[in-house]
Every structure is written in C-alpha cells, then in structure tokens.
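Worksheet for the structure shown next.
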Amino acid sequence: MNIQWFPGHMTRARRMMEENLGLVDAVCEILDARIPRSSRNPEIDVLAAGKPRLVILNRVDLADPEITRLWRRHFEEQGLAIVETDAKSGKGIRDFVPAVRRLLADKMKEYEAKGQVGRPLRLMIVGIPNVGKSTLINKVAGRKAAIAGDKPGVTRGRQWIHIDAGLDLLDTPGILWPKFDSQEVGEMLAITNAIKAEVLDKETLAANFILRLSALYPQALRERYHIEPDPEKNGFELLEEAAKKRGFLVSRGEYDIERMANTLLNEYHEGKLGRLSLEKPDA
Ligand code: G4P
C-alpha cells in the first residue's frame, strides 16, 4: 500500500519512531539493494544517533550481484554492519541473528557486567514503505507475525517477537518517509514501487528509465525487447521501438507506448529483465 507523505504523516511517523527507538538496543535499517542511496532517508542518522546500526540490503534477488558487493564494501567502510537478504524467499535471513549478535557483543557484555543476565537485546526494523520490512520481520520470526502494510499513526500495543535466546524484535517496523531531494530520487522510488508511479507521468518515467537502462544494461534491452539502444534516440522512441517488437499496436502504424511503459515497469519489478541495480556507490 502506498501513502502520500504529507507533513502530518511525517510528524506522526517520526514521533512513533522516536518513542520506539528509546526501547531498542539497535536499529536495523532496510534498504532496496537496487537503490541503496534513494531508498535511504538520511534522517535516520539523526533519529538513530548513538544506536548501533545494521544495514540490510534487501531484494538482492533483483539486484546486480557485482554492484551489491560494491555497496557492501561501501557501507562496511563506513563502519556499518551489513546483511544481504531476499526477504521474499528467505535467502540471507539466517545471517541476520549472527550479525546482530556481533553488532551488540559489547552491549551484551555491558548488561552482564551490570548483573542483568538474560536481559533480552531489543531490535527494531526501519525503512521506507514497501522496502520489505514486514516480509523481513515475518521471515525472521518464522511465522506471520508482522502486519503487512503501512499505517503511520496507528497505535497498538507494542509486541516483541522473541527471535532467539535473548533477542527480541519489535513487531512494528519504523516507517521512514522517502526523501525526494531530486527528480532522480523520485524516479528511482517510483521505478522500484516505493512510491506510486502516478506521482510522475508513467510514460515519462518509463522513457527516462529505458534511457537509463540503455546506458547501464544495454544487453538486457537487447535480450528482452530486441531493441538496439541507440544514443541518438530518446526514451519515447526506444519505448516505441520495443512496442513495435512486441506488436503493441493501437491502430495501423501507431504503437501503444503507454502499454509498453507499463510492461517495462512491471517486468523490471518482476525481475524479468535480469538482476539490474540502478545506483552505484559514489556515482
Ligand atoms: P513494507 O513492510 O516495507 O512496506 O514492505 P512489504 O514487506 O510489505 O514488502 C513489499 C513487497 O516487496 C511485497 O510484495 C514483498 O513480497 C516484496 N519483497 C519484500 N522483500 C523482497 C525481496 O527481498 N525480494 C523480492 N523480490 N521482493 C520482496 P507484494 O506486496 O506481495 O507484491 P509484489 O511487490 O511482490 O508484487
């Protein structure tokens, strides 16, 4: 479910996060591995200041493994702990608990030194809408524990999911609002379904996207749509070419660009173009 982010929503989401952050020992920040920069809200640095943090690169099944490796190195260089997951299938989930234990080794010693033996370590998952928070919580919990969907401002009793000896996960994820500081970020979020594509004109979005793919992954376009990414052509022309190859005809000689725009975005979403990442570190 997508929601529009009005200031009231952001204030409520921020307040809820602040309240819950006070209860946890670590914050697990979930990002879309295809767009780790755009799927991150830098306000987390302020909100979670002082808390140990784990970065979860999710949707690695859809991301380019080479580029995921670069992101892993990038975040590790910043001193952040990393886990790579495909929360949908559950791949990588088993790395989650050991990574949290490594991250909180000092905290555990601290609790022991204070005589608080057996005090559970408490964690919270945070991330922008649709990034996979509920799916990840369900997989970590091993059952349908989290309620899918985003309802900022809806308060209910806090529930802890006991995930391992001495490790508890807050069942309600913290919802970060997507941060649009440029049109490019807005496009990345729309392409990956973090925000409604309708926020931008869908055909323009797909035209810009196909141009981006021509530069990043021309082979994927050749293989999937049998088109030759030609630097002389604009995005609409490339979409038209693909529509032609698919036989998406509106009338004699006129091709259905709108249908092709939807097809391209859906097929990317489903991973049918291959594992394609849209952002590299420092690029
Ligand atoms: P949220 O709580 O952060 O809002 O996200 P949620 O878990 O509801 O996940 C949003 C969608 O993303 C879900 O798809 C979920 O299955 C999918 N998803 C989550 N993690 C992964 C992953 O690692 N890989 C892939 N490929 N998908 C993932 P959905 O709502 O069922 O629809 P659809 O997106 O599958 O069409």
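The values are calculated or read from the model by the stated rules, or taken from the named source; none is laboratory data. Here the structure is a predicted model, which is why all the values come from computation and not from measurement. Backbone-built Cβ (ideal geometry, glycine too); neighbour counts: all protein chains shown. Each accessible area value is taken on the protein alone, full model and side chains, heavy atoms only, with ligands, DNA and RNA left out. Shrake-Rupley method; radii C 1.70, N 1.55, O 1.52, S 1.80 Å.
Overview of values
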quantity	calculated
Within region 114-135, considering residues that are more than 16 Å from the ligand (Cβ to nearest atom) and of a type in the set (K, R), the one least open to solvent (accessible area, probe 1.4 Å)	R122
Failed item in (1) open to solvent by 40 Å² or more (accessible area, probe 1.4 Å); (2) in contact with a Pro (Cβ under 6 Å, 6 or more places away or on another chain); (3) within 16 Å of the ligand (Cβ to nearest atom), with L70 passing the rest	(3)
Among residues of region 41-80, those that are of a type in the set (A, V, I, L, M), more than 24 Å from I175 (Cα to Cα) and not in a helix (DSSP H, G or I), counted	0
Failed item in (1) farther than 20 Å from D61 by Cα; (2) in contact (Cβ under 8 Å) with a residue 12 or more places away in the chain; (3) open to solvent by less than 40 Å² (accessible area, probe 1.4 Å); (4) not polar (S, T, N, Q), with Y111 passing the rest	(2)
Condition broken by K139, with the remaining ones in (1) under 27 Å from K272 (Cβ atoms); (2) basic (K, R); (3) part of a loop (DSSP other than H, G, I, E, B) satisfied	(3)
Enumeration of residues in region 52-67 that are open to solvent by 30 Å² or more (accessible area, probe 1.4 Å) and within 12 Å of the ligand (Cβ to nearest atom)	R59, D61
Failed item in (1) out of contact with any strand residue (DSSP E or B) (no Cβ under 8 Å at 6 or more places or on another chain); (2) at positive phi; (3) basic (K, R), with R34 passing the rest	(2)
Every pair of residues 6+ apart whose Cβ atoms lie under 7 Å, when the first sits in region 175-196 and is over 18 Å from G132 (Cα atoms) while the second is open to solvent by 10 Å² or more (accessible area, probe 1.4 Å) and polar (S, T, N, Q)	E187/N208
Residue within region 244-263 that is among the hydroxyl-bearing types (S, T, Y) and within 16 Å of the ligand (Cβ to nearest atom) present	yes
Unmet criterion (only one of (1) surrounded by 20 or more Cβ atoms within 10 Å (Cβ to Cβ); (2) modelled with pLDDT of 95 or more; (3) assigned to a loop (DSSP other than H, G, I, E, B); (4) not aliphatic (A, V, I, L, M)) for E29	(3)
Filter result for V97 (touching a Pro at 6+ places or on another chain (Cβ under 9 Å), under 28 Å from A165 (Cβ atoms), more than 13 Å from the ligand (Cβ to nearest atom) and of a type outside the set (S, T, Y))	no
Within region 73-94, tally of residues that are surrounded by 15 or more Cβ atoms within 10 Å (Cβ to Cβ) and either of a type in the set (G, A, S) or within 12 Å of the ligand (Cβ to nearest atom) (or both)	9
From the options I227, I195, residue that is of a type in the set (A, V, I, L, M), over 30 Å from L176 (Cβ atoms) and not in a helix (DSSP H, G or I)	I227
